[in-house]
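Report on one structure; see the data block that follows.
The values are calculated or read from the model by the stated rules, or taken from the named source; none is laboratory data. Just so it is clear, the structure is predicted and the values come from calculations on it, not from any experiment. Accessible surface areas use protein heavy atoms only, side chains included; no ligands, DNA or RNA. Shrake-Rupley method; radii C 1.70, N 1.55, O 1.52, S 1.80 Å.
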Amino acid sequence: MRLRRTAALLLLPLLPLLAATGCGSAAAPAAAPPPASASPAAAAPSSGAPDRPSDATSMICNPYFRQELAGALGTDITQPLAPTWEKRVYSCAYHYPDGSMTLSVKELPDAATALAQYDGLRGSAGPVTDLNGLGEAAYKRADGTTVVRKDSFVLTVDVAKLPETFGTPPRSRADVAVMTATTVMICWQEHSS
């Protein structure tokens, strides 16, 4: 219950921003992957298109999501995002003046495979804290990194390279990871309706 209240308090500053701009609601530049346009389940990769991430997955590195995250964290990146897509993992590093965090989504063929992937990551993560109410299952590691399972996707927000406190106003890096993961879940939900 305490974690849910903490997540809700972290999201309060985000809600007006998300409502005003949407999550990747405008068309992305031609060089960037298209913005999310469907729920993760509806946008799950098909066997005919394994050469690119789904629209929902590519949202984590699009310019509009970056702007929303910058507003929420009170700081913006110092280098352009450079997304990669390898072995069905889409990721990009958010470089800041005093550290970086990496967002990644592993696309799996189905929810059962995603559950197995999530359980494997959780089992090898050392001590973890479960996060109720985030995706279908979520936890944070001792370094603050947050992992979330939703449909056939596993999202990781790796904050190990951020300072202990980060952003304006300053938050713990664990809170930054939970806020970022929650923002992704809100965006995915927004596009599923």
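See the values below:
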{"read-out": "TYR139 long-range amide H proximity, modeled H, under 5 Å", "value": "LEU131, VAL147"}
{"read-out": "Using θ = phi - 60° and Karplus 6.51 cos²θ - 1.76 cosθ + 1.60, couplings along the stretch 183-189 (whole Hz; Gly, Pro as x)", "value": "4, 4, 4, 4, 5, 4, 5"}
{"read-out": "Relative contact order (percent, whole number), the stretch 51-107, Cα cutoff 8 Å, 6+ residue spacing", "value": "31 percent"}
{"read-out": "Amide H within-cut-off set for LYS161, under 5 Å, with H built and near neighbours excluded", "value": "SER100"}
{"read-out": "The stretch 46-193: relative contact order as a whole-number percent, Cα under 8 Å and 6+ apart", "value": "19 percent"}
{"read-out": "Relative contact order of the stretch 102-173, defined on C-alpha pairs under 8 angstrom at six or more residues apart (%)", "value": "32 percent"}
{"read-out": "With every protein chain in place, the stretch 80-193: carbon and sulfur % of accessible area (1.4 Å)", "value": "53 percent"}
